[in-house]
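Here the structure comes first, spelled out in structure tokens, and everything after it is commentary.
The values are calculated or read from the model by the stated rules, or taken from the named source; none is laboratory data. In this text the structure is predicted, and so the values were computed from the model without any measurement. Cβ placement follows ideal geometry from the backbone for every residue including glycine, while neighbour counts extend to all protein chains displayed.
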Amino acid sequence: MEAPTARAAEAQALVPDPRPDGAPVPHESVLGAAPIDDHPSAAVSLPVSVRDLTRADDAARDALVRRASAGSIFHMSGWERAVERVFHHEPRSLGAFRGEELVGVLPLMLCRTPTFGRHLVSMPYGVYGGPASITAGADAALVTAATRRAESERVGRLELRCVDDPGTPGFVGSDLYAAFVQELPADPDEIWTRMPKRARAEVRKTILRNGLSMSEGPWYADDLYELFHRSKKRLGSPALPRAWYHALIAELGADVLVHVARRSSEPLAATMSFVHGDKLDFYYIGVTDEANREFNATNFLVVRLQEMCVRRGIRRFDLGRSRVGSGPYQFKKNQGFEPRLLGYRTKLVRSREVSNFNPSNPKTEKLRETWGKLPDWATRALSNRLMRYMP
């Protein structure tokens, strides 16, 4: 008989052995989550235990994520499956259980890089992560378990891309990124009236003079791939592989919306957005060189997508994450969105400092200049390889 793997043995260790008197022993996770006794609806209070999530937990996980206030599209099992399929990072997601009930989730993946080592990230290629739960104490139990796992696996760091600081001591904070989320009005016409005057005038001019139109359908994913590659090359950065967009559509289904803005039959811009509960995440966008300079295509899409949300009963609009002080950050403020600093937290295990490999770092300037000068065939081929190491 084949010996169980270490992770299988760990999962088995979470199953309580019967006591001599026949009563069950309360679950206590080998990952170190302390018992918590605060479930308001339980007739008999049960402790919380933490264990690995498996594919068999996907349905319960997704149902929990939809209920949890901190849940996002990036917490869903489909996002994890897409990351595993395309980039081959290893799932390490944790679940907090009260008895047999799943009450909290921490999406987590082990990411390997040839230069920067091994890290645990929540969540790769997403802007939100960290714990999401429906009962007090589960978040702390999940973070404690993740920290112990990071230490036992001797990774470089544990990254939690939380909206709010989880309040765990020993983690390094960040003030690099802000999110832009606002409530939508009941009437689509109100979207126009609450926009800053200049932004409103630009969009009206775009519609009247340029004749832009917006179309929706998953078949526009290839347009997005082409336009996103062009946009990222102008910025001197690798782009995502074509397979990534198709994997997201396959795994997340109707929660993925792809739109294209056209002038006559010419695609000027394409976007991929995600619907989660009552919120739409405006996430990926690719544009032609002249799309914004001559036609204000991004402004046009932001307004049209908000109008679409109102018609479909979606109540919140997330314009995405931006680096504080960057051009996109200022653009979003000019659209009338207020920034909210994100509570990203990192636990340094073997690493000495938080990763600073981003366009804000002057050390990346030469790399970006060189990338922008490479031929398209080279940047496409290299992007497919490099993006695995940029989660």
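Condition check ((1) aromatic (Phe, Trp, Tyr); (2) without any contact (Cβ under 8 Å) to a residue 40 or more places away in the chain) across all residues:
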residue	(1), (2)
Phe282	yes, yes
Gly286	no, no
Asn292	no, yes
Phe331	yes, yes
Ser351	no, no
Leu367	no, no
Lys373	no, yes
Arg388	no, no
_Just checking, does segment 143-162 include any residue being on the phi > 0 side of the Ramachandran plot, not hydroxyl-bearing (Ser, Thr, Tyr) and not in a loop (DSSP other than H, G, I, E, B)?_
no
Subset of segment 97-135, residues of a type in the set (Val, Ile, Thr), over 14 Å from Ser351 (Cα atoms) and outside any strand (DSSP E or B), comes to Val127, Ile134, Thr135
Discussion item. On the basis of being more than 13 Å from the chain's Cα centre (by Cα), acidic (Asp, Glu) and either assigned to a loop (DSSP other than H, G, I, E, B) or not assigned by TED's automatic domain parsing to the domain that holds Tyr245 (or both), does Glu80 make the cut?
Written reply: no
Of the listed residues (Gly217, Gly236), the one being at positive phi, more than 17 Å from the chain's Cα centre (by Cα) and modelled with pLDDT under 95 is Gly236
Within segment 200-217, of all residues that are charged (D, E, K, R) and closer than 13 Å to Asn299 by Cα, the one surrounded by the fewest Cβ atoms within 10 Å (Cβ to Cβ) is Lys205
Considering residues that are of a type outside the set (Gly, Ala, Ser), part of a loop (DSSP other than H, G, I, E, B) and at pLDDT below 95, the number found within segment 28-77 is 12
Over segment 56-74, the set of residues touching a Pro at 6+ places or on another chain (Cβ under 8 Å) and not aliphatic (A, V, I, L, M) is Phe74
- Message: Leu268 - would you say it is on the phi < 0 side of the Ramachandran plot, aliphatic (A, V, I, L, M) and crowded, with 23+ Cβ neighbours inside 10 Å?
- Response: yes
Of those in segment 157-182 that are over 27 Å from Asp281 (Cα atoms) and buried (at least 20 other Cβ atoms within 10 Å of the Cβ), the residue farthest from the chain's Cα centre (by Cα) is Phe171
- Test for Thr115: is it surrounded by fewer than 24 Cβ atoms within 10 Å (Cβ to Cβ), over 18 Å from the mean Cα position of the chain (by Cα) and closer than 20 Å to Thr54 by Cα: no
Reported set for segment 177-199 where residues are part of a loop (DSSP other than H, G, I, E, B) and in contact with a Lys or Arg (Cβ under 6 Å, 6 or more places away or on another chain) is Leu184
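So that you can scan it fast, the table gives a plain yes or no per residue for (1) modelled with pLDDT under 95; (2) over 22 Å from Tyr245 (Cα atoms):
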| residue | (1), (2) |
| --- | --- |
| Asp289 | yes, no |
| Phe300 | yes, yes |
| Val310 | no, yes |
| Gly313 | no, yes |
**OP:** Taking Asn334 as the residue in question, decide whether it is outside the structural domain of Gly129 (by TED's automatic domain parsing), buried (at least 16 other Cβ atoms within 10 Å of the Cβ), modelled with pLDDT under 95 and closer than 23 Å to Leu235 by Cβ.
**Re:** no
Pairs returned, first residue in segment 155-171 that is within 11 Å of Thr346 (Cα to Cα), second residue that is assigned to a strand (DSSP E or B) and small (Gly, Ala, Ser), beta-carbon separation under 9 angstrom, 6 or more apart or interchain, are Gly156/Gly117; Arg157/Gly117; Leu158/Ser122; Glu159/Ser122; Leu160/Ser122; Arg161/Ser122; Cys162/Ser122; Asp165/Gly173
Pairing a residue in segment 220-235 that is in the same structural domain as Gly286 (by TED's automatic domain parsing) with any residue that is surrounded by fewer than 17 Cβ atoms within 10 Å (Cβ to Cβ) and part of a helix (DSSP H, G or I), where Cβ atoms lie under 9 Å and the two sit 6 or more apart in sequence or on different chains, gives His229/Asp376; Arg230/Asp376; Lys233/Gly372; Lys233/Asp376; Arg234/Gly372; Leu235/Arg368; Leu235/Gly372
If we keep only residues of segment 304-325 that are surrounded by fewer than 16 Cβ atoms within 10 Å (Cβ to Cβ) and assigned to a loop (DSSP other than H, G, I, E, B), then the residue nearest to the chain's Cα centre (by Cα) is Val324
